[in-house]
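Worksheet for the structure shown next.
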Amino acid sequence: AKAEGRRTHRFFEPAMGANARARLMMEQDLRQAMNDGGFEIHYQPLLGLASGEVTGCEALLRWRHAERGMVSPAEFIPVAEDTGLIGELGEWVLRTACKEAATWPDHVRLAVNVSPIQFKNLSLALKVASALAASGLKPDRLELEITEAVLIGDDEIALAILHQLRAIGVRIALDDFGTGYSSLSYLKRFPFDKIKIDRSFVSDIAVDGSSTIVQAVVNIAASRNMTTTAEGVETEQQRDLLRSLGCTEMQGYLFSAPKPPTELKPLLVGSDRV
Ligand code: C2E
Ligand code: CA
Ligand code: CA
Ligand code: CA
């Protein structure tokens with residue numbers, strides 16, 4: 001009875017801020033969406049800048065809300081992280097996206113975003129191996145995108161998990177590069193396969209000193225055997241500059257926004273190029 005009373009108290013606490021109440025409601029909505037199939041995954045192509053061809057697709061989670069329509073992951077991922085729901089949600093994304101990617105041409109990789117919270121759970125590598133086995137997707141076709149938050153504070157568990165994932169044969173990309181602080185030091189801590197250059201550098205690339213920064217990142221990556229992907233490429237001018245700087249891949253509205261699987265398919269088998 002005591003536990004029950006405490007729970008009631010938690011839900012109807014009048015002093016609870018509007019923000020906290022909104023989060024609590026969202027948590028309940030998220031749980032329900034998980035049970036009702038309220039999530040879907042859209043996929044955005046990545047293109048090789050030398051070939052102009054699709055080399056992979058990034059899985060981007062979507063939440064179809066009954067009243068609010070499509071809710072942005074930027075809004076609900078933080079809530080899923082705070083409430084621990086991200087474990088289950090992340091596993092669903094992984095399993096669903098691997099099954100989808102197994103139907104794509106062999107040379108097209110799948111990129112999946114993994115939350116730093118998922119790197120606190122020692123079973124992550126097992127879950128990844130299980131998703132690969134269930135889908136039949138080859139490990140080297142899966143690329144996990146992580147942010148430098150995973151490596152903050154020399155987290156031994158996170159590093160151990162990263163090495164387990166590497167042993168399975170999946171690729172690891174450092175996402176949102178340039179948005180944190182001591183970014184370069186993270187490159188020494190773990191041998192990433194790829195660096196994703198944040199959209200903020202790409203959108204400014206033609207107007208200010210951003211191209212110098214991008215050039216430096218491309219050079220460092222190349223010297224360490226890593227490839228580079230520029231995010232948020234929207235114009236031909238940006239694409240041309242990135243190509244001349246030696247960036248490996250691009251991703252952005254210039255070629256395609258994230259699309260549901262049925263709309264994505266024609267882009268993978270067609271001869272569309274950038
Ligand atoms: P992100 O990983 O940096 O993903 C790139 C974001 O940029 C996506 O936003 C994408 O739709 C958007 N974008 C792509 N091209 C362009 C462009 O040319 N211009 C502009 N303005 N935007 C572009 P989205 O889909 O809203 O996702 C937001 C963030 O939510 C992602 O950022 C990622 O951090 C997170 N996220 C999405 N799906 C998942 C997931 O399954 N798990 C986890 N843990 N996080 C996810
Ligand atoms: Ca990403
Ligand atoms: Ca990113
Ligand atoms: Ca980003």
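The values are calculated or read from the model by the stated rules, or taken from the named source; none is laboratory data. Note that the coordinates shown come from a computational prediction; the quantities given were computed from them, not determined experimentally. No Cβ is skipped: glycine too gets one built from the backbone with ideal geometry, and neighbour counts run over all protein chains shown. In case anyone asks, the SASA skips ligands and DNA or RNA and just uses the protein heavy atoms, side chains included. Shrake-Rupley method; radii C 1.70, N 1.55, O 1.52, S 1.80 Å.
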Relative contact order (%) - the chain, alpha-carbon pairs under 8 angstrom, separation at least six
19
Over the chain, with every protein chain in place, what whole percent of the accessible area is carbon and sulfur at 1.4 Å, could you tell me?
53
Per residue, how much accessible surface does the chain expose to a 1.4 Å probe? Answer in Å², no decimals.
49
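Determine, for each peptide in 142-150, 97-105, 32-40, the mean count of other beta carbons within 10 angstrom over its residues, then list the peptides with the highest first.
Ranked from most to least packed, the peptides come out as 142-150, 97-105, 32-40.
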Once every DSSP H run of n ≥ 4 in the chain is given -39500 (n - 2.57) and the sum is divided by its residues, what mean residue ellipticity at 222 nm do you get, rounded to the nearest 500 deg cm²/dmol?
-14000 deg cm²/dmol
Just to be sure I understand the model, the point goes 7 Å from the Cα along the line to the Cβ. What's the resulting D154 to A167 distance in nm?
2.2
Among I86, I172, I157, which one moves the most in a GNM of the chain with springs linking Cα atoms closer than 10 Å?
I157
What fraction of the DSSP beta bridges in the chain is antiparallel, stated in percent and rounded to the nearest 5?
40
Counting just the Cα atoms, what span does the stretch 149-267 cover along each of its three principal axes? Round to the nearest Å and put the largest first.
42, 40, 22
Over the alpha-carbon set of the stretch 131-201, work out the extent along each principal axis and list the three values in angstrom, largest first.
38, 29, 15
So the angle from the long Cα axis of helix 124-135 to the longest Cα principal axis of the chain, reported in degrees to the nearest 10, equals 70
What share of all Cα pairs of the chain, in percent, falls into each consecutive 10 Å distance bin?
6, 27, 33, 23, 8, 3, 0
Hey, can you rank 41-51, 218-228 by average C-beta count inside 10 Å, highest first?
41-51, 218-228
Of 20-26, 113-119, ordering from highest average Cβ density within 10 Å down gives 113-119, 20-26
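If you average 1/r over every pair of different alpha-carbon atoms in the stretch 38-80 and take one over that average, what Kirkwood value in Å do you get?
Kirkwood hydrodynamic radius for the stretch 38-80: 12.0 Å.
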Degrees between helix 236-245 axis and first principal axis of the chain (Cα, 0 to 90, nearest 10):
70
